[in-house]
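Shown next, in structure tokens, is the structure this report addresses.
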Amino acid sequence: MSLGGVSSRRARTLPFLRSLARHARTPVHAFEEASRRAGGELVRLNMGPFRPYLVTHPEHVQHVLKTNQPNYVRAGMFWDPLAPLLGQGILSEGEGWAASRKILQPVFTARYVNSLAGHMAQIITGLIDVTLVPGRRFDIGELISTLIHPTIVRLFLGATISDEDIGRLAPAYDTGVTARSLRLLLPSVPERFPLPGDRAFKRAIRTIDEVVYPRIQYAKTRREEDADLVSRLVRARPGEADADRLIRDDMVAIHGAATETSVTALTWVWPVLDAHPKIAARVYEEVDRVVGRGPVTVAHLQDLTYLKMFVDELVRLYPPGWILPRTAARADHIDGIEIPAGATMVLSPYLTHRLPEFWDRALEFDPERFAPGNDRARHRYAYFPFAAGPHVCLGPHLFMMEALLLIAGILCKYRPLLHTTGPITPRLASTLRPPKGLSMTLVPAGAA
């Protein structure tokens with residue numbers, strides 16, 4: 001497959017608006033349908049005046065995210081509507097991204113994250129003890145958010161932030177990543193034309209700023225060498241012009257990415273366990289054998305091998321960042337197809353992870369795919385739940401540690417009973433979220 005040729009062949013165009021209309025309640029299905037019709041080929045989606053390229057083949061993904069990555073920037077679809085939230089730091093492009101990456105890279109090394117593990121385990125165990133009530137019906141998304149948000153905030157924004165401010169941040173972030181979902185599908189609509197969700201989005205940003213900026217000022221007044229993220233960012237930008245805004249942007253991006261990715265992925269755990277009782281039985285057996293009745297500690301993590309395979313498979317079929325658009329800065333050719341400057345490239349781990357050409361029984365949930373050694377024959381870019389290339393997510397190790405601690409922390413004490421009927425399908429947002437209102441009851445593990 002030649003990716004850098006000079007052919008002027010044009011991509012096939014697939015009708016997409018009718019598919020979106022048919023799947024108005026679950027737009028992700030329209031993208032699934034387009035992916036099936038494309039069969040790994042580079043195609044364009046006819047969305048009226050907007051005709052992005054759909055990129056699903058692993059070699060095409062590699063070209064955009066790695067081989068010719070500088071030509072494909074985070075701008076346009078998806079990025080522009082969220083720019084007021086994410087700012088000009090680690091989730092931007094160019095010099096702003098490079099500077100933030102240099103500052104933040106040391107924070108997310110495996111060594112540093114491992115140094116946080118004991119503290120994270122204590123926070124999660126404490127939250128589980130005070131939050132989970134056996135026999136009570138919980139909204140799953142709200143429950144996971146209640147456990148994840150305080151954990152990440154305490155680790156990275158400092159131990160002195162108030163519970164009230166943590167309580168304000170969680171719903172604000174939730175609104176920030178969901179309120180503008182319509183603009184994901186209508187990127188050509190100018191900002192001056194209001195769409196549903198715009199006002200809620202602006203309110204969410206105000207709330208986040210009201211919490212974050214005082215944390216920056218507080219960090220500046222302290223003399224001790226605190227290790228939290230805010231203090232590190234303040235020390236990294238002494239006297240820099242517009243430093244407060246740049247620190248704010250990195251804080252918001254990291255906190256939002258860490259919490260949103262984890263909440264989204266770990267909300268899928270419970271319907272997946274419910275839908276696959278044999279797999280659930282293996283997960284429960286391992287947790288019972290390794291952790292017992294808890295509490296889960298860092299020492300248990302290395303022995304939770306099947307649970308880790310389960311989480312890897314979870315983010316294969318339900319990757320939180322399901323869509324990763326890029327904009328071509330200059331004209332290019334991919335597999336002999338002409339890519340004009342300014343073209344939107346829609347990459348999707350959700351779709352690539354489901355290509356039958358690269359995944360046997362692609363739609364079947366099977367953790368054994370990730371047993372040691374089973375990845376040797378897999379194309380490197382057939383699996384990229386945390387993006388790839390220079391813009392790869394900084395926190396996969398953090399996510400996996402957090403996922404194992406939280407899932408095992410709950411399952412060593414409880415078993416979930418879901419309250420749902422019929423298939424559970426994703427809803428449109430900037431991340432791949434389950435439907436609203438998904439609920440479960442937890443019962444003591446010995447009584448299940």
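Residue count for region 375-414, restricted to those that are in a loop (DSSP other than H, G, I, E, B), modelled with pLDDT under 90 and hydrophobic (A, V, I, L, M, F, W, C): 6.
Residue pairs whose Cβ atoms lie under 7 Å apart, sitting 6 or more positions apart in sequence or on different chains, and linking a residue in region 4-33 that is aromatic (Phe, Trp, Tyr) to a partner that is at pLDDT below 85 and surrounded by fewer than 16 Cβ atoms within 10 Å (Cβ to Cβ), do not occur here. The residues of region 17-37 that are more than 25 Å from the chain's Cα centre (by Cα) and open to solvent by less than 30 Å² (accessible area, probe 1.4 Å) amount to a single one, 19. Applying the criterion of at least 3 residues that are modelled with pLDDT of 85 or more and open to solvent by 50 Å² or more (accessible area, probe 1.4 Å) to the helices (runs of 4 or more DSSP H) found wholly in region 135-200 leaves 163-178. Per this entry, residue 241 is not counted among residues that are assigned to a helix (DSSP H, G or I) and either over 23 Å from residue 104 (Cβ atoms) or not hydroxyl-bearing (Ser, Thr, Tyr) (or both). Working only within region 213-231, note down all residues that are over 24 Å from the mean Cα position of the chain (by Cα) and either assigned to a helix (DSSP H, G or I) or at pLDDT 85 or above (or both). Within region 213-231, 213, 214, 215, 216, 217, 218, 219, 220, 221, 231 meet the criteria. In region 107-132, the qualifying residues are those that are among the β-branched types (Val, Ile, Thr) and open to solvent by less than 50 Å² (accessible area, probe 1.4 Å), and the one that is farthest from residue 409 (Cα to Cα) is 107.
Among the numbered conditions (1) surrounded by fewer than 18 Cβ atoms within 10 Å (Cβ to Cβ); (2) touching a Leu at 6+ places or on another chain (Cβ under 9 Å); (3) within 15 Å of residue 233 (Cα to Cα), the only one that residue 103 does not meet is (1).
Of the residues making up region 120-134, not one is closer than 20 Å to residue 260 by Cα and in a loop (DSSP other than H, G, I, E, B). Within this structure, residue 85 passes the test of being buried (at least 20 other Cβ atoms within 10 Å of the Cβ), over 15 Å from residue 326 (Cα atoms) and under 22 Å from the mean Cα position of the chain (by Cα). Checked against the criterion of being in contact (Cβ under 8 Å) with a residue 12 or more places away in the chain and within 30 Å of residue 114 (Cβ to Cβ), the candidates 248, 180 yield just one match: 248. Region 261-356 holds helices (runs of 4 or more DSSP H) entirely within its bounds, and those carrying 2 or more residues that are surrounded by fewer than 22 Cβ atoms within 10 Å (Cβ to Cβ) and either touching a residue at least 60 places away in the same chain (Cβ under 8 Å) or not basic (Lys, Arg) (or both) map to 277-290, 305-317. Report yes if some residue within region 211-224 is within 16 Å of residue 83 (Cα to Cα), open to solvent by less than 40 Å² (accessible area, probe 1.4 Å), hydrophobic (A, V, I, L, M, F, W, C) and in contact with a Leu (Cβ under 6 Å, 6 or more places away or on another chain); otherwise report no. Within region 211-224 (the criterion being within 16 Å of residue 83 (Cα to Cα), open to solvent by less than 40 Å² (accessible area, probe 1.4 Å), hydrophobic (A, V, I, L, M, F, W, C) and in contact with a Leu (Cβ under 6 Å, 6 or more places away or on another chain)), the answer is no, since none of the residues qualifies.
Quick check on region 27-41. Is at least one of its residues farther than 23 Å from residue 382 by Cβ, of a type in the set (Asp, Glu), out of contact with any Pro (no Cβ under 6 Å at 6 or more places or on another chain) and part of a helix (DSSP H, G or I)? No. Number of residues in region 148-202 that are within 21 Å of the chain's Cα centre (by Cα) and among the hydrophobic types (A, V, I, L, M, F, W, C): the value is 16.
For region 55-82, the candidate set comprises residues that are in contact with a Lys or Arg (Cβ under 7 Å, 6 or more places away or on another chain) and surrounded by 23 or more Cβ atoms within 10 Å (Cβ to Cβ); within that set, the residue that is farthest from residue 377 (Cα to Cα) is 81.
The values are calculated or read from the model by the stated rules, or taken from the named source; none is laboratory data. Keep in mind that this is a model prediction, so the values were computed, not measured. Virtual Cβ from ideal backbone geometry, glycine too; neighbours counted across all protein chains shown. Remember, those area values only see protein heavy atoms, side chains included, never the ligands or the DNA or RNA. Shrake-Rupley method; radii C 1.70, N 1.55, O 1.52, S 1.80 Å.
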